[in-house]
Amino acid sequence: MVPLFRAEDVERAVSPHEAYDAVRDAFIAYAKGEWTMPPKVYVANYPAGDFRAMPALGGGHALLKWVTSFPGNPARGLPTVTGLVLLSDAEDGRLLAVLDAAAVTALRTAAAAVVAADALCRPEASSYAVVGCGPNGAEAARMLVAHGADPVVWDVDEGRRNFVGERLGARAARSAEEALACEVVVTVTPGAVPLYAEGSLEAGQHVSLMGADGPGKNEVAPDELVRSHLFCDDWEQASHGGELANAVAHGLVTRDDVTELGAVLTEEADGRRSAGDVTLFDSTGLAIQDLAIAKVACSKVGELDGLQQIEL
């Protein structure tokens, strides 16, 4: 019998603090070469969306995530992200758990956003915002609140931003401009239209860019990327399918311009250079992050009531 973690089970099993610690540790393990991860494989059906296959190995476990991204689905009453995460024992190949991919994705996306913000923002930063209140954005706001921040939230859908704000005890921003001007911003939008136009980023800001995770998506205008201090989760992925991809394709950004977050966390590379530095973190989503969340969830099997079991 194999335990099946539904979305609510993942949320019960992994707290925001556990997710943060696990994802931070995964960045470090990956940077040190202790965990491995081939680049994700995109199976594209644009403009509708895409499927992604994401494997990883580390800490005695192997993982495969099969997940979708169909940005137009909410208008149809369907989720943007669906799929499964398979966690196996790396020593004998046994399947140990099956997990809801959307719930794992939301937790690790939020954790990565806040880990990056903590590593790269100004120490005295006091204003926080989350732009985009879908499942991943809502989880990012919950992660910030759990870590003692008081974020404002913004979404083009008034009902959605008010719902997330009320649920978390956070204030809905009066406008997109108010949210985007905060000192620390997490953006979790479809990335179809840049949120930051040329000249709009302010000195000292940090933005964790979580939405532009595929070709043609951008939350920041290319000229703003060029004048910022750039970081990413993984160069191979980010240079082909993330926020940086368009600027890389046009020769505006090269490998030498971008630092991987893991190198900052292991103190092999510098993070923020000055109080006026504008720092941008490009997140494409890593299978090692999913592995970190799945390992924590699987460790709680004996503690969760009502966990379903499946027979293969």
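The values are calculated or read from the model by the stated rules, or taken from the named source; none is laboratory data. Source: prediction; values computed, not measured. Cβ sites come from the backbone with ideal geometry, for glycine too, and all protein chains shown count toward neighbours. These accessible areas exclude ligands, DNA and RNA; they are computed on the full protein's heavy atoms, side chains included. Shrake-Rupley method; radii C 1.70, N 1.55, O 1.52, S 1.80 Å.
Tell me, please, whether a residue that is part of a helix (DSSP H, G or I) and either under 30 Å from Arg12 (Cβ atoms) or without any contact (Cβ under 8 Å) to a residue 60 or more places away in the chain (or both) can be found in region 200-223. If you could, list the steps in order and put the result at the bottom.
Taking region 200-223 as the starting set, the residues that turn out to be part of a helix (DSSP H, G or I) are 222-223.
Add one more test, that the residue is either under 30 Å from Arg12 (Cβ atoms) or without any contact (Cβ under 8 Å) to a residue 60 or more places away in the chain (or both), and what stays is 222-223.
The answer is yes, given that some residue of region 200-223 is part of a helix (DSSP H, G or I) and either under 30 Å from Arg12 (Cβ atoms) or without any contact (Cβ under 8 Å) to a residue 60 or more places away in the chain (or both).
Run down Ser283, Ser274 and say which single residue is over 18 Å from the mean Cα position of the chain (by Cα) and of a type in the set (Gly, Ala, Ser).
Testing whether each residue is over 18 Å from the mean Cα position of the chain (by Cα) and of a type in the set (Gly, Ala, Ser) leaves just Ser274.
Find all pairs meeting these conditions: Cβ atoms under 6 angstrom apart; at least six residues apart or on different chains; first residue within region 172-196 and under 17 Å from Gly137 (Cα atoms) and open to solvent by less than 30 Å² (accessible area, probe 1.4 Å); second residue modelled with pLDDT of 95 or more and among the aromatic types (Phe, Trp, Tyr).
Hits for this filter: Ala173/Trp154; Ala176/Trp154; Ala179/Trp154; Cys182/Tyr128; Val184/Tyr128.
Output the qualifying pairs, or none if there are none: Cβ atoms under 6 angstrom, residues six or more apart or on different chains, first residue in region 266-294 and in contact (Cβ under 8 Å) with a residue 24 or more places away in the chain, second residue polar (S, T, N, Q) and outside any loop (DSSP other than H, G, I, E, B).
Filtered contacts from region 266-294: Arg272/Thr279; Phe281/Ser208; Thr284/Gln237.
Can you give me the number of residues within region 222-254 that are touching a helix residue (DSSP H, G or I) at 6+ places or on another chain (Cβ under 6 Å), open to solvent by 40 Å² or more (accessible area, probe 1.4 Å) and closer than 23 Å to Ala275 by Cα?
1
Hey, does region 28-48 have a residue that's out of contact with any Ser or Thr (no Cβ under 8 Å at 6 or more places or on another chain) and among the acidic types (Asp, Glu)?
yes
Could you tell me whether Arg142 is open to solvent by 40 Å² or more (accessible area, probe 1.4 Å), part of a helix (DSSP H, G or I) and touching a residue at least 60 places away in the same chain (Cβ under 8 Å)?
Criteria met by Arg142.
Tell me, please, whether a residue that is of a type in the set (S, T, N, Q) and open to solvent by 40 Å² or more (accessible area, probe 1.4 Å) can be found in region 255-273.
Checking region 255-273: not a single residue is of a type in the set (S, T, N, Q) and open to solvent by 40 Å² or more (accessible area, probe 1.4 Å).
With the condition being without any contact (Cβ under 8 Å) to a residue 60 or more places away in the chain, I'd like the strands (runs of 3 or more DSSP E) fully within region 1-88 carrying at least 3 qualifying residues. So that I can check it myself, show each step before the final result.
On the way: elements: 2-5, 41-45, 49-58, 61-69.
So the answer is 41-45, 49-58, 61-69.
Would region 225-241 turn up any residue that is over 26 Å from Ala263 (Cβ atoms) and either among the hydrophobic types (A, V, I, L, M, F, W, C) or over 13 Å from the mean Cα position of the chain (by Cα) (or both)?
no
Mind listing whichever residues of region 259-312 are outside any loop (DSSP other than H, G, I, E, B), hydroxyl-bearing (Ser, Thr, Tyr) and more than 30 Å from Leu230 (Cβ to Cβ)?
First, the residues of region 259-312 that are outside any loop (DSSP other than H, G, I, E, B): 259-265, 279-282, 287-298, 301-303, 308-310.
Checking the rest, the ones that are also hydroxyl-bearing (Ser, Thr, Tyr) come to 259, 279.
Within region 259-312, none qualify.
Name every residue in region 52-74 that is farther than 11 Å from Ala101 by Cβ, modelled with pLDDT of 95 or more and within 17 Å of the chain's Cα centre (by Cα), in order of residue number.
Hits for region 52-74 are Ala53, Pro55, Ala56.
Examine region 115-125 for a residue that is in a helix (DSSP H, G or I) and either open to solvent by 50 Å² or more (accessible area, probe 1.4 Å) or within 20 Å of Pro74 (Cβ to Cβ) (or both), and state whether such a residue exists.
Checked region 115-125: at least one residue is in a helix (DSSP H, G or I) and either open to solvent by 50 Å² or more (accessible area, probe 1.4 Å) or within 20 Å of Pro74 (Cβ to Cβ) (or both).
Spot the failing condition for Gly241; the list is (1) touching a Phe, Trp or Tyr at 6+ places or on another chain (Cβ under 7 Å); (2) modelled with pLDDT of 90 or more, and only one is missed.
So Gly241 meets the others, but not (2).
So Ala294 ticks every box in (1) farther than 30 Å from Cys182 by Cα; (2) hydrophobic (A, V, I, L, M, F, W, C); (3) open to solvent by 10 Å² or more (accessible area, probe 1.4 Å); (4) in contact with a strand residue (DSSP E or B) (Cβ under 6 Å, 6 or more places away or on another chain) but one. Which box is left unticked?
With respect to (1) farther than 30 Å from Cys182 by Cα; (2) hydrophobic (A, V, I, L, M, F, W, C); (3) open to solvent by 10 Å² or more (accessible area, probe 1.4 Å); (4) in contact with a strand residue (DSSP E or B) (Cβ under 6 Å, 6 or more places away or on another chain), Ala294 is out only on (3).
Of a type outside the set (Ser, Thr, Tyr) and in contact with a Phe, Trp or Tyr (Cβ under 7 Å, 6 or more places away or on another chain): which single residue out of Ala7, Ala13, Ala22 fits that description?
Ala13
Inside region 227-257, can you point out the residues that are of a type outside the set (S, T, N, Q), part of a loop (DSSP other than H, G, I, E, B) and touching a Leu at 6+ places or on another chain (Cβ under 9 Å)? I'd like the intermediate steps shown before the answer.
First, pick out the residues of region 227-257 that are of a type outside the set (S, T, N, Q): 227, 229-236, 238, 240-245, 247-253, 255-257.
Checking which are part of a loop (DSSP other than H, G, I, E, B) leaves us with 227, 233-234, 242-244, 250-253.
Passing the criteria: Arg227, Asp233, Asp234, Gly242, Glu243, Leu244, Leu252, Val253.
Would you check if Ala212 is open to solvent by less than 40 Å² (accessible area, probe 1.4 Å) and among the hydrophobic types (A, V, I, L, M, F, W, C)?
yes
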